[in-house]
1. Considering the Cα positions of region A:1-120, please state its Rg to one decimal place and its Dmax as a whole number of Å.
2. Write down the Kirkwood hydrodynamic radius of the protein assembly as shown, to one decimal in angstroms, obtained as one divided by the mean of 1/r over all alpha carbon pairs.
3. Compute the long axis of helix B:112-123 from its Cα atoms, compare it with the longest principal axis of the Cα atoms of chain B, and write down the angle in degrees, 0 to 90, nearest 10.
4. Within 10 Å of each Cβ of A:75-85, how many other protein chain Cβ atoms are there on average?
5. Counting only the backbone N, which residues of region A:79-101 are under 18 Å from the spot 7 Å out from the Cα of A:Val208 toward its beta-carbon?
6. Given C-alpha coordinates of region B:193-294, what is the ratio Rg to Rh with the Kirkwood estimate of Rh?
7. Given the peptides A:32-41, A:87-96, arrange them by the average over their residues of other C-beta atoms within 10 Å, most packed first.
8. Find how many whole Å separate the alpha carbon centroid of region B:246-295 from the alpha carbon centroid of region A:92-110.
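Values in this text are rule-based calculations from the coordinates and carry no lab data. These numbers come from a predicted model, not from an experiment. Virtual Cβ from ideal backbone geometry, glycine too; neighbours counted across all protein chains shown.
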Amino acid sequence: MTAGFVRGLAVLALLAAAAYSAALLTPRQEPGRDTPRLVALIPERFGSWAAEPAEVLPVLLVPDVLADAEASQSASYDDVLMRTYRRADGARVMVALAYGRRQTQEIKIHRPELCYYAQGFVVSGLGSRPVQLDSARSVESRALLTENRARTEVVTYWIRVGERVANDAWDIRWTIFRDGLDGQVPDGLLVRASSLSENSAGAERELVLQHEFLADLYGALPSATQRFLAGREVTL
Amino acid sequence: MTLGTTIVLPGRLAPARGSGAMWWPVIAGLLVLYLPTYRDLDTVYWARENGAPGIVVVAIWLWLVWRARADLRTQRRTPIGSAIGWIAIVTGAALYALGRSQQLFQLEVGSQLLIVPGITLVLLGPAATRKLWFVWAFLVFTVPLPGSLIDSLLVPLKEFVAAAVTDVLFFAGLPIARDGVVIYAGPYQLFIADACSGLNQLVALAAIGVLYVHVAAHQARVHSALLLAAIVPVATMANVLRVTTLVLATYFGGDALGRQLHDYVSYAEIAVAFGSFFVLDHALTAWRRHRRSAA
C-alpha cells in the first residue's frame with residue numbers, strides 16, 4: 001500500500017463517519033402521526049356560531065396556485081379545512097386550517113402573507129396581536145390587512161409547530177431545528193381566521209370579531225383539541 | 001449521483017506510479033456521502049421546476065473535472081496544506097452530518113465546498129488545489145437557495161415580471177390589467193407562479209454564464225466583467241418575453257393552448273437567453289477589435 005492509498009483510506013474513514021453520524025442524528029419520532037381528520041376535530045356549531053356555505057371564495061392556503069386549486073392544496077398539506085361561520089347577530093368569519101404531519105426546513109406551512117400576495121392581494125402587516133383564548137391561555141398572532149380591487153380582507157393567523165406557536169420564518173426554522181436535535185419531527189398547523197371589511201378603516205373591528213370567534217371556538221373544544229390548535233405554553 | 005465517476009479519470013490517466021489507486025476509497029466515500037444528497041436535491045428542488053437547472057450544473061461539473069484531469073496528476077503536498085486539508089474535511093464532515101440529519105440542505109450540499117478542496121489539499125497539495133479552484137468553486141451552483149430567501153427574492157421578481165408584461169401588452173392595445181401578481185387578460189385570469197419568476201432559469205444561466213466567461217478567458221477584464229454583469233438583465237428579459245408569449249397564447253388561443261405551451265416555452269427561454277449572451281460576447285469582441293484598429 002502506498003502512502004497515497006493510506007491517505008485515501010483515511011479520507012474514506014472520515015466521510016463514512018460523517019454519513020454514520022448523520023444517520024444517528026436524524027430525528028425519528030413523529031408525534032403528528034395519529035392526528036384525526038380536521039373535519040372531525042372542529043365542530044360545525046358552537047356557542048352562537050354555525051357553519052354556512054361560503055359567501056366569497058376563500059384565499060387558498062398555498063402561494064403557488066396550479067390549474068387545480070384543490071390539488072395545489074393537497075400537494076402541500078396532509079389535511080385542510082375551510083369553513084365560513086355565521087354568528088347569531090349576522091357577523092361572519094372565515095376559518096382556514098392547514099395541517100402538515102411533518103415540518104422540515106424546506107417543507108413546511110406556507111405563511112398567509114405569501115398566499116394572499118400570490119393570489120393578487122396587496123398585503124400590509126398590522127403587527128403582532130395576542131389573542132386571549134381563555135382566562136389562562138393567550139397566543140401571539142399576526143394580523144394582516146389584504147386588499148385587491150374586489151375586496152378588503154382582514155386576517156388573523158398563527159402557526160403551531162410542535163408544541164410552540166411560531167409565526168416568524170426564523171422562529172419556525174429554529175423550532176424545527178431544536179425539535180430535530182431532540183429526535184422529533186414536529187407537526188405543524190396554520191390557524192387562520194379572516195373576515196371582509198368595507199374598507200381598511202374597519203380593520204380593528206374585524207380583528208376584535210376574529211378574536212371573539214377564536215376564543216369561542218377554543219372554549220368549545222376538549223383540551224386535546226385545544227392543544228392541537230395552540231400547542232402548550234413552552235418557554236425556550 | 002455522479003461525483004464519484006468523474007474522479008475515476010485521473011486514476012486511469014496516471015497508472016504508472018499507481019497513484020490512481022488512492023482515488024478509489026475517496027470516490028467510495030464521496031458516493032456514500034453525496035449519492036443520497038443528490039437524490040434528495042432531485043426530489044426536493046430540481047423536480048419541482050422542470051428539473052433542468054440542477055442537472056445542467058452537475059453535467060458541467062463533470063465536464064470541468066474531465067477538462068482538469070491533467071492537474072489531478074500533479075502531486076506536491078506540503079505539511080501546512082495537508083493540515084488545512086484535514087481540518088477542512090473534518091469541518092465539512094461535521095456540517096454534512098448536521099445538515100443531512102436536520103434537513104438543512106444548504107449545510108449538507110455546501111459541505112462539498114470544504115470537503116472537495118480538502119481532499120485535493122491532502123492528496124495533491126496546495127498548488128493543484130489552487131489550479132483547480134474553478135472546479136471546486138463551481139460546486140456553489142449546486143447549493144439550493146433556502147426557501148425563505150427564495151420567497152423574499154420572488155416577491156420583487158414576480159412583481160417586476162407582472163408589471164413589465166402588463167405594460168408591454170397594454171401599450172400593444174390588449175385589454176389587460178393586473179392585481180399585484182395576477183394578470184387579467186380579456187376573460188382570463190393568469191397567476192404569475194413561482195416558476196414564472198424565472199429565478200431557477202436565472203441560477204442555471206448564472207452557472208452557464210460564469211462557465212462561459214471562465215472558459216473563454218478573455219484577455220480584457222472589462223469584457224469579462226460586462227458579460228458577467230449582463231447575466232441578470234439578459235435572463236430577466238428572456239423571462240419577460242416568455243411570460244408575454246404565454247399571456248398572448250392564452251389570450252388568442254385560449255386556456256388550453258397557454259397550458260400546453262407552458263413547459264416548452266421555458267426551454268426556449270434558456271435558448272433565447274444563452275443566444276443573446278453569445279451575441280453580446282461577439283459584439284463585445286467586435287467592438288474591442290474595432291477600437292484597437294481605430295487606435
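1. Calculated on Cα positions, Rg and Dmax stand at 23.8, 87 Å.
2. Details: mean 1/r = 0.0379 Å⁻¹.
Final number for the Kirkwood radius of the protein assembly as shown is 26.4 Å.
3. 20
4. Details: counts 0, 0, 0, 0, 0, 0, 0, 0, 0, 0, 0.
Taking all residues of A:75-85 together, the mean is 0.
5. Answer for this model: A:87-93.
6. Values: Rg = 16.5 Å, Rh = 14.9 Å.
So for region B:193-294, dividing Rg by the Kirkwood Rh gives 1.11.
7. Numbers: A:32-41: 13.2, A:87-96: 16.4.
Answer by packing, highest mean first, reads A:87-96, A:32-41.
8. If we compute the Cα centre of each part, the gap is 39 Å.
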